[in-house]
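One structure is given here, and the rest of the page talks about it.
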Amino acid sequence: MDRHMWIGFAGAFMAGIFALIQAKKVMSYSEGADKTRKIAADIRKGANAYLRRQYETVLKVFLIVFIILLVMAFAGGVLSVYTPFAFVTGGLFSMLAGLIGMKIATRSNARTACAASESLNQGLRIAFSSGSVMGFTVVGLGMLDITIWFFVLRYGFDINNPVILGNIMVMNGMGASFMALFARVGGGIYTKAADVGADLVGKIEAGIPEDDPRNPAVIADNVGDNVGDVAGMGADLYESYIGSILAAFALGAAGGYGWNGMLLPIALAVSGVLCSILGSFLIRTDENADRQSLLNSLRAGTYAAAILSAIAAAPLTYWILNQNMGVYLAILSGLIGGCLIGFFTEYYTSDSYKPVRELAAASETGSATVIIGGVSLGLKSTMASVMIIAAAVLISYFAAGGSVMITDSSGAFTQAFNQGLYGIGIAGVGMLSTLGITLATDAYGPVADNAGGIAEMSGMSAAVRERTDALDSLGNTTAATGKGFAIGSASLTALALLVSYVNIIQANTSELFNFTLTSPMVLTGMFIGAMLTFVFSAFTISAVQKAAQSIVIEVRRQFREIPGIMKYKADPDYAKCVSLCTEGALHEMAVPALLAITIPILTGLILGPTGAAGLLGGVSVTGFAMAVFMSNAGGAWDNAKKYIESGQHGGKGSPQHKAAVVGDTVGDPFKDTAGPSLNILIKLCSTVSIVFSGLVLAYHLI
């Protein structure tokens, strides 16, 4: 079966061709008048400049880590010699996923605005096509990276033991996790610093509309949508995608399925590409569609893709795993769990439902009640996601053959236990199997947001802004849904990686370790993991606060010192705000990134492998719940504001609107910086612990 892994190349080719077709479709549309093209060019220039500086910074970090890994591999002998090079390629592919998505997004925003001047459906199609480029680029590059490394290790270096190859492959995700963390945290700080600064001074203090060209931070705000919500998100979801597949690789081999256990996740990914392509053709809407109709249109595509993927998974599992249909039930649990998480995310973040409308009504009594209501809503929303993941874990474990009893001393329990864990890993793959279309519905949101900004700045008609606002509001919900998929899959993948960590430790030592909850080292590690979640979130939110303060001060200065801005007689200095956001993001992303890398290593070196395992458990559980809370609370605050802007509770410019804007600014770092970064933190801690497991085994203090 190992030779059948070539289908990974076929899936990558299919995804790449579809992404190319969608890109050409977008580029065939007009970018509009000279003013519209100039605004789009300014946004594109700012986004490219930021990414250039970010990649220069990250390159230095990658070089240092590469040298450390190289020394560990060739001098210390505590690491596979392939890992340093896989670290580089994983980071490179993750970077490309975000970069390609951002390149097409910055060329789609003005085209979406112009298309929206023709019809709502036309605007939806262009924005969604742009998102499709991102979605299918991510899955295509992911399959290409994994398949290349499989054939290099299997045939280039003749590794014929699936367990050894699976353990090596699972280490290859660290580079992608590194790049995703820097991209998500840095981009999230940039976009929310600009957004918060622009809103606080422009909307609340000056009383001017969102995306008003008089606001000096407006270009930086639109640049941020691309570097954070597109480039950062692309790197993030790429890391989630390959992480789930690689974890299933390692567990499939440990569960006794050999090469077949590795082939199945790749086969599911390939079928998911085809199903996503078919589902994308169902996304269209009528001209007079309301937000619920737009949401139903996107649901039709994503649910159709999930159903088709569920159907395709049955014969694939039957053929590859020799009629073991229990694993098929595990795949179904992941697919259904993903759809349910998506539904409940929509329920808590869309203004079509009661929670967001009640949150908007809280604006009648001021910003304090809006903030309190949003925090309560976010906390409450964790229950559905946690219960769904808990059910998916139990169903997938037992359906795949997991056991709760030791039946004899022959090792039968270990085999059954590992088979059950493979079910959990493959459920994570099932949840992300239709990532192509799921990510497309997510990535289209920033394009629609930019389109609205360009429509406002270039003076397009009010009808165009109404259409782009409708698309943008839906984009907030789909973005929250995309984060829900990423967070949900992260929890399943993190559990799989935790088990891989324990298996790798046990395979490389004769020493007996107590990994049970009664171990003081495990309990201490769990507390440290829980603490890391909160401290990491604190640093990322604080980074937004510090960077946003500099934007607030600069916007106030320009309003005060450049006469004529408010009367359109002078142009603001947009470049200054872009520069401040860039410098602030690159400076402030260092500490949270270092925390995510150093704390797992230090915990392992002090507390030993059991302490590191406890840390992984603690950060996985608390990180999952915290990420859901932040993502849903932030999305609800944003859409409550947009619900008021649609004419409810006083409409734009009213005291209620200003109260909702305050809530939205509080939610900005929740949903676009700290929240989505946590799912990367969960998996980065796991991959770092796995990669440095040999070092921890050799030199731990306790």
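Listed by chain and number, the lysines whose alpha-carbon sits under 21 Å from that of Lys103, ignoring those within fewer than 8 places in the same chain, are Lys24, Lys25, Lys35, Lys38, Lys45, Lys192.
At 1.4 Å probe radius, can you tell me the per residue accessible area of segment 577-702 in Å²?
Dividing the accessible area of segment 577-702 by its residue count gives 25 Å².
The Cα-based radius of gyration of segment 155-205, divided by its Kirkwood radius, gives an Rg/Rh of 1.48. Evaluated on segment 84-145, the Kirkwood hydrodynamic radius is 12.7 Å, with distances taken between all distinct Cα atoms.
For segment 490-500, backbone phi angles converted through the Karplus equation (6.51, -1.76, 1.60; θ = phi - 60°) give residue-by-residue couplings of 4, 5, 5, 5, 4, 5, 5, 5, 4, 5, 4 Hz, Gly and Pro being listed as x.
Note on the chain: with neighbouring protein chains present and a 1.4 Å probe, carbon and sulfur make up 66 percent of its accessible heavy-atom surface. Using heavy atoms of the protein chains and a probe of 1.4 Å, the accessible area assigned to Glu456 is about 60 Å². Once the Cα atoms are used to define both axes, helix 162-171 deviates from the longest principal axis of the chain by about 30 degrees.
Give the calculated FRET efficiency between Ser461 and Ala300 to the nearest 0.05, with a Förster radius of 30 Å applied to their Cβ-Cβ distance.
According to the calculation, E is roughly 0.55.
Semi-axis lengths, largest first, of the ellipsoid equivalent to segment 457-542 are 47, 16, 10 Å, with √(5λ) applied to each eigenvalue of the Cα gyration tensor. Averaging 1/r over each pair of different alpha-carbon atoms in segment 407-503 and inverting the result gives 16.4 Å, the Kirkwood hydrodynamic radius. For segment 352-476, what percent of Cα pairs sit more than 20 Å apart? So the pairs more than 20 Å apart make up 69 percent of the total in segment 352-476.
Remark on Ile565: its backbone amide H falls under 5 Å from those of Ala570, a criterion applied only to residues 5 or more positions apart or on other chains, H modelled at 1.01 Å from N. Would you mind checking the tilt of helix 120-151 against the longest principal axis of the Cα atoms of the chain, expressed as 0 to 90 degrees and rounded to 10? Approximately 20 degrees, to the nearest ten. Under the convention that each Lys and Arg Cβ holds +1 and each Asp and Glu Cβ holds -1, the size of the dipole of the chain around its Cα centre is about 600 debye. In terms of overall dimensions, the C-alpha atoms belonging to segment 642-702 reach 65, 19, 11 Å along their principal axes, ordered largest to smallest. If you take the Cα centroid of segment 637-701 and the Cα centroid of segment 189-268, the two points sit 11 Å apart.
For segment 536-551, 3J(HN,Hα) computed residue by residue from phi via the Karplus equation (6.51, -1.76, 1.60; θ = phi - 60°) reads 4, 4, 4, 5, 5, 5, 4, 4, 5, 4, 5, 5, 5, 4, 5, 6 Hz, glycine and proline entered as x. With both labels modelled 7 Å from their Cα along Cα-to-Cβ, the Ser117 to Lys60 distance reads 4.5 nm.
Globularity index of the chain is 0.91 (Cα radius of gyration / 2.2 N^0.38 Å, N = number of residues). Summarising the label geometry, the points placed 7 Å from Cα in the beta-carbon direction at Arg52 and Phe527 lie 5.0 nm from one another.
Global size of segment 317-391: 18.5, 63 Å for Rg and Dmax (C-alpha atoms, Rg to one decimal, Dmax whole). Residues whose amide H lies under 5 Å from that of Gly402, counting only those 5 or more places away or on a different chain, are Gly420; hydrogens are built 1.01 Å from N in the peptide plane.
The gain in end-to-end length when the Phe151 to Ala698 segment is fully stretched comes to 193.8 nm, 0.36 nm per residue minus the alpha carbon separation. Dipole orientation for segment 171-262: of the candidates Ala180, Gly202, Gly228, Ala180 has the Cα lying most toward the positive pole (charges on Cβ; Lys, Arg +1; Asp, Glu -1). For segment 549-702, the convex hull spanned by the alpha carbon atoms encloses 135 Å³ per residue. Solvent-accessible area of Ile17, all protein chains in place: 70 Å² (probe radius 1.4 Å, heavy atoms, ligands and nucleic acids excluded).
At a 1.4 Å probe radius, which order do Phe281, Phe513 fall into by accessible area, largest first?
Phe281, Phe513
For Leu92 and Ala538, the difference between the fully extended length at 0.36 nm per residue and the C-alpha to C-alpha distance is 157.7 nm. Legend: calculated FRET efficiency, Glu561 to Lys652, from the Cβ-Cβ distance at R0 = 30 Å, rounded to 0.05, equals 0.60.
Rg over Rh for segment 25-150 works out to 1.15, both radii taken from alpha-carbon positions and Rh defined as the Kirkwood radius. Computed from the alpha carbon positions, the gyration tensor of segment 164-274 leads to an equivalent ellipsoid with semi-axes of 44, 13, 8 Å, biggest first.
Here the Debye sum runs over all C-alpha atoms of segment 70-213 as equal scatterers in vacuum, and log10 of I(q)/I(0) at q = 0.14, 0.15, 0.21 Å⁻¹ comes out as -0.84, -0.90, -1.26.
Quickly estimate the mean residue ellipticity at 222 nm for the chain, helices only: each DSSP H run with n ≥ 4 gives -39500 (n - 2.57), and the total goes over all residues, rounded to 500.
Details: 22 runs with 551 residues, N = 702.
-28000 deg cm²/dmol, from helical runs alone.
Using only alpha carbons, segment 541-599 has a radius of gyration to Kirkwood radius ratio (Rg to Rh) of 1.18.
Heavy-atom accessible area, probed at 1.4 angstrom with all protein chains present, ranks Arg125, Arg37, Arg557 as Arg37, Arg557, Arg125, highest first. Applying 1/(1 + (r/R0)^6) with r as the Cβ-Cβ distance of Tyr568 and Leu278 and R0 = 35 angstrom yields a FRET efficiency of 0.10. Selection among Ile277, Phe249, Ser293 by position relative to the dipole of segment 224-302 gives Phe249 as farthest towards the positive end (Cβ unit charges, Cα centre).
Take segment 322-382 with all the other protein chains still there, run a 1.4 Å probe, and you get 41 Å² of accessible area per residue.
Expressed as a fraction of 2.2 N^0.38 Å, the value expected for a compact globular protein of N residues, the C-alpha radius of gyration of segment 237-386 is 1.34. Accessible surface for Arg214 stands near 40 Å², nearest 10, in the context of the full protein assembly shown (1.4 Å probe). 3J(HN,Hα) along segment 21-31, derived from phi through the Karplus expression 6.51 cos²θ - 1.76 cosθ + 1.60 where θ = phi - 60°, amounts to 4, 5, 5, 5, 4, 4, 5, 6, 8, 6, 8 Hz, with x in place of Gly and Pro.
Largest accessible area first, the residues Asp211, Asp34 order themselves as Asp34, Asp211 under a 1.4 Å probe with ligands, DNA and RNA left out. Subtracting the Cα-Cα distance from 0.36 nm times the residue separation, let me have the gained length for Leu602 to Trp319 in nm, one decimal. The span from Leu602 to Trp319 would gain 97.4 nm if fully extended. Averaging Cα coordinates gives a centre for segment 50-99 and one for segment 419-494; these two points are 28 Å apart. Name all residues of segment 449-468 having a backbone nitrogen under 20 Å from the label point set 7 Å from the Cα of Ser30 along its Cα→Cβ direction, giving them as ranges. Counting only backbone N, you get 451-468.
Which angle from 0 to 90°, rounded to the nearest 10, does the C-alpha axis of helix 574-588 make with the longest principal axis of the chain? Its long axis makes an angle of about 30 degrees.
The values are calculated or read from the model by the stated rules, or taken from the named source; none is laboratory data. What you see is a predicted model; the values in this text were computed from it and never measured. Every residue, glycine as well, gets a Cβ built from its backbone with ideal geometry; the counts of neighbours run over all protein chains shown. Accessible surface is based on the protein model in full, side chains and every heavy atom, while ligands, DNA and RNA are left aside. Shrake-Rupley method; radii C 1.70, N 1.55, O 1.52, S 1.80 Å.
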